[in-house]
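All remarks here apply to the structure that follows.
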Amino acid sequence: MTSSDTKIRIWIDRTPPAEVVIPPDVELVDGPENADGVVVAADRPWDDDACRQLPNLKVVARSGIGYDNVDVAACAAHGVAATNTPDAPTVSTAEHALALMLAVTKRLKGSEARLAAGTAVGPGRLTGPGALELDGRVLGLVGCGRIGRLLGRYAEALGMTVLVYDPYIESAPVGELVGIDRLWADADVVSLHAPATPETHHIINSESLAAMRSGVVIINCARGALLNQEALLAALDSGQVGGAGLDVTEPEPLPPDHPLLGRDNVVVTPHVASTTTVGIVRLIGQALEQALVWLRGGIPEHLLDPAAAHPGVDRRVGASP
């Protein structure tokens, strides 16, 4: 039985917006030490060591899609469930990827800098590598889950042709499903929407960049590990890459003197794509919901290791052993 007086203790790693409803049986705590569940972003590891240090922990709820900072197997070994929120960041992140694509191809950063410096002198300033009119161009999506799919629809609305490389789908929900070699060869803009795995580590590298069209634009709102930044810098210097828009980097954040930050044709944001006002409410609210389903004895929709849901085990907070 669960005591009616027992509160479910939740630690959220950032202050939740007022729009996130905290149920009456939930107590928000100041740290994870005594928490039954945690709602967390991607900047802290949740692994064997974390579970050993937090013996009361029963669930780690990622407020986002990617969970490369959560060792799901290690958590399960300690009886800790792990969940994510694959639907929450879709719209905000797809819009951010589109914003980066437009900012780079319209050279907004350099134009504003010249205006501020008093050197904006007449037409012709949007010429050169990376300055594109997107209508009639080709967008290559590496990965076509929720975010990539939505960005593809935005791109089609702009008049772009969409090519998709994703080895885990049999047909493309948007555009045309192609092999990676064709995507590299035909895309004017390449946008990354894949998880960070050993297979995708530095999928953008010196070899793949050399296989792309001269002046290609690279967009990354997925994970910094997908992109070899040294290779990108070399390709920017040579003109093989016309520009880049990055919301994720290695490391995060980049140091202020990093060479990517001083370029007119590169826009870098500090991993904020999903955190619009509405987006952060969805991220934290949905992660909290997933955690509470588990802590009340149910099976969350986005449980990352279904084998963790052992039948006959009463997981409710305050339940008798």
**Asked** Based on what the data block shows, is ASN69 within 18 Å of LEU295 (Cβ to Cβ) and outside the structural domain of ALA194 (by TED's automatic domain parsing)?
**Response** no
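Can you tell me which residue is farthest from LEU141 (Cα to Cα) among those in the range 44-63 that are touching a helix residue (DSSP H, G or I) at 6+ places or on another chain (Cβ under 7 Å) and surrounded by fewer than 19 Cβ atoms within 10 Å (Cβ to Cβ)? Please lay out each step first, then the result.
Taking the range 44-63 first, the residues touching a helix residue (DSSP H, G or I) at 6+ places or on another chain (Cβ under 7 Å) are 46-48, 51, 54, 56-63.
Filter once more, keeping what is surrounded by fewer than 19 Cβ atoms within 10 Å (Cβ to Cβ): 47-48, 56.
Numbers: ASP47: 31, ASP48: 35, ASN56: 42 Å.
Per the stated criteria, the residue is ASN56.
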**Prompt:** What is the number of the single condition among (1) crowded, with 18+ Cβ neighbours inside 10 Å; (2) at pLDDT 95 or above; (3) of a type outside the set (Gly, Ala, Ser) that ARG107 does not meet?
**Reply:** (2)
**Odd one out for ASN228 among (1) without any contact (Cβ under 8 Å) to a residue 40 or more places away in the chain; (2) under 16 Å from the mean Cα position of the chain (by Cα); (3) crowded, with 16+ Cβ neighbours inside 10 Å** = (2)
**Complete:** If we keep only residues of the range 6-21 that are in a loop (DSSP other than H, G, I, E, B) and more than 25 Å from the chain's Cα centre (by Cα), then the residue surrounded by the fewest Cβ atoms within 10 Å (Cβ to Cβ) is THR6
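Here is a yes/no grid of residues against (1) touching a Lys or Arg at 6+ places or on another chain (Cβ under 9 Å); (2) surrounded by fewer than 16 Cβ atoms within 10 Å (Cβ to Cβ); (3) on the phi < 0 side of the Ramachandran plot:
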| residue | (1), (2), (3) |
| --- | --- |
| PRO23 | no, yes, yes |
| VAL39 | yes, no, yes |
| ILE65 | yes, no, yes |
| CYS75 | no, no, yes |
| PRO89 | yes, no, yes |
**Item:** Checklist (1) farther than 20 Å from LEU57 by Cα; (2) surrounded by 20 or more Cβ atoms within 10 Å (Cβ to Cβ) applied to LEU261, failing item
**Value:** (2)
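The values are calculated or read from the model by the stated rules, or taken from the named source; none is laboratory data. Here the structure is a predicted model, which is why all the values come from computation and not from measurement. Glycine also receives a Cβ, built like all others from the backbone with ideal geometry; neighbour counts cover every protein chain displayed.
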